[in-house]
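The structure under discussion appears below in the form of structure tokens.
The values are calculated or read from the model by the stated rules, or taken from the named source; none is laboratory data. For clarity, every value in this text was computed on a predicted model and none was experimentally measured. Cβ: placed from backbone, ideal geometry, glycine included. Neighbour counts: every protein chain shown. The accessibility values were calculated without ligands, DNA or RNA, using every heavy atom of the protein model including side chains. Shrake-Rupley method; radii C 1.70, N 1.55, O 1.52, S 1.80 Å.
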Amino acid sequence: MTNRERALNLLHYKPVDRMPAVHFGYWHELLIEWAEQGKIPLELAQNYGDSNAADRELDRLIGWDFNWQHITGAHMGLKPGFEHKVLETLPDGTQRVQSGSGIIERIRPGVISIPSEDDYLLKDRDAFETLYRPKMQFDPSRVPVDYFKTFNETRDYDSSIGLSLGSVLGDIRSMVSVIGMSYLIYDEDEDLFADIVDTYAEMQYECVKAILETGAKFDFAHFWEDICFNSGPLLSPAIFEELCAKHYKKRTDLCHQYGIDIVSLDCDGVTEQLLPVWFENGVNTMFPIEVGTWGDQFEPARKKFGPGMLGVGGMDKTVLRQDRAAVDRELEKMRRLAALGGFIPCPDHRLMPGTKFELVQYYAEEVKKITL
């Protein structure tokens, strides 16, 4: 049985010969650590990318079957993006940098983390109309049509392959910052924020439609959001439903028309309050099901929504920085969740610095022994 067959069978409640060992990639800093420790060649660390040749060689060295993050799509962001430039260097070396999305970030030298948001360009109607709306329009050059016309004949990687559906709100949060999104929704201009969401969503829908019209086939489709944190969503679930539900449904309905019945969504944090909107509008697979400090989110979701709620992830990646006993405890949890059906164990995000190479090898070997 191939890895692709194993994954699709598991998510359709069909028999498999064994559990696939699936991962979600690595922080670059971890790969450099491993290279410095002599665990992997430096060339692999320097050339790594999701599901590329270096990633596949790492799979071989570690014992993974494949990286779940094997997803392809169109150019569905701002086009063109803003110029990436340093605006200011502060006395302590911190730089104020304008990103391609128009966010002004503070980047501190030597700090490995997500940059702090300092300012943003998209503050009012004028900024949207002059700076952003033109960058949110669909045009055929966003879609590499020739690539997708030959996609079915040229795919040669033994894994499930997903179609990117873009982002309904997560990308916009990245453009205006968490603070900016809050002001736009609640204090500044509710109609403007709805216009931003609708404009961006329509462009992304047209991109997905153009890809599917080429005849390219995919095993699943995938949204990226990241609009929750450690105690829940970054906005009111009611407002989220009003603004976004229709856009999820429009894209998932399109997927169903083309035979794609697995639609996953990546959102970190505590997602419980937004799950009904996603599930009721065609998203049926949780990924990567971050554990964080709050614990398992998949089993409660399965109890609430039934067998139609699928999952990939849920494995607390932090145990891979500890010892075998911690990994064994997590494997027991994976066995319990796998027994529910419709679930594939996978680390709940990219493996971070401090992760122990031998523990990753051990986990990849042991997860394959999970039986259903």
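For segment 75-86, does any single residue satisfy the condition of being more than 23 Å from V178 (Cα to Cα) and either at pLDDT 95 or above or touching a Gly at 6+ places or on another chain (Cβ under 7 Å) (or both)? Checked segment 75-86: at least one residue is more than 23 Å from V178 (Cα to Cα) and either at pLDDT 95 or above or touching a Gly at 6+ places or on another chain (Cβ under 7 Å) (or both). Of all the residues in segment 346-372, those that are in contact with a Phe, Trp or Tyr (Cβ under 7 Å, 6 or more places away or on another chain) and open to solvent by less than 10 Å² (accessible area, probe 1.4 Å) number 4. Please indicate, with yes or no, whether at least one residue in segment 227-247 is under 17 Å from the mean Cα position of the chain (by Cα), of a type outside the set (K, R) and either within 30 Å of R155 (Cα to Cα) or assigned to a helix (DSSP H, G or I) (or both). Checked segment 227-247: no residue is under 17 Å from the mean Cα position of the chain (by Cα), of a type outside the set (K, R) and either within 30 Å of R155 (Cα to Cα) or assigned to a helix (DSSP H, G or I) (or both). For segment 322-330, the criterion of being of a type in the set (S, T, N, Q), over 23 Å from W278 (Cα atoms) and open to solvent by 10 Å² or more (accessible area, probe 1.4 Å) is met by at least one residue.
Could you please find all residues in segment 320-353 being among the hydrophobic types (A, V, I, L, M, F, W, C), without any contact (Cβ under 8 Å) to a residue 40 or more places away in the chain and in a helix (DSSP H, G or I)?
Residues satisfying the conditions are A325, A326, V327, L331, M334.
Considering segment 211-268, and only residues there that are crowded, with 22+ Cβ neighbours inside 10 Å and of a type in the set (D, E, K, R), the residue that is nearest to G295 (Cα to Cα) turns out to be D266. In the set (1) open to solvent by 20 Å² or more (accessible area, probe 1.4 Å); (2) in contact with a Gly (Cβ under 8 Å, 6 or more places away or on another chain), A194 fails one condition alone, (2). Considered as a group, the residues in segment 51-107 that are among the acidic types (D, E) and open to solvent by 30 Å² or more (accessible area, probe 1.4 Å) include one that is farthest from the chain's Cα centre (by Cα), and that residue is D92.
Look at G77 and say whether it is within 29 Å of R155 (Cβ to Cβ), part of a loop (DSSP other than H, G, I, E, B) and in contact with an Asp or Glu (Cβ under 8 Å, 6 or more places away or on another chain). Spell out the reasoning first.
Details: within 29 Å of R155 (Cβ to Cβ): yes; part of a loop (DSSP other than H, G, I, E, B): yes; in contact with an Asp or Glu (Cβ under 8 Å, 6 or more places away or on another chain): yes.
Yes; evaluated as a whole, the condition is true for this residue.
Considering segment 2-49, and only residues there that are within 22 Å of L340 (Cα to Cα), in a loop (DSSP other than H, G, I, E, B) and of a type in the set (A, V, I, L, M), the residue that is most open to solvent (accessible area, probe 1.4 Å) turns out to be V16.
Test of understanding: among G292, G282, G259, which residue is modelled with pLDDT under 95, among the small types (G, A, S) and part of a loop (DSSP other than H, G, I, E, B)? Walk me through how you get there before you give the answer.
Working: G282 fails: modelled with pLDDT under 95; G259 fails: modelled with pLDDT under 95.
That would be G292, the only listed residue that is modelled with pLDDT under 95, among the small types (G, A, S) and part of a loop (DSSP other than H, G, I, E, B).
Residues in segment 117-151 that are open to solvent by less than 60 Å² (accessible area, probe 1.4 Å) and farther than 22 Å from L87 by Cβ: M136, D139, R142, V143, P144, V145, F148, F151. Just one residue in the set G180, G170, G166 is modelled with pLDDT under 95 and buried (at least 16 other Cβ atoms within 10 Å of the Cβ); that residue is G180.
The single residue among E290, E241, E299, E225 that is in contact (Cβ under 8 Å) with a residue 24 or more places away in the chain and touching a His at 6+ places or on another chain (Cβ under 7 Å) turns out to be E290.
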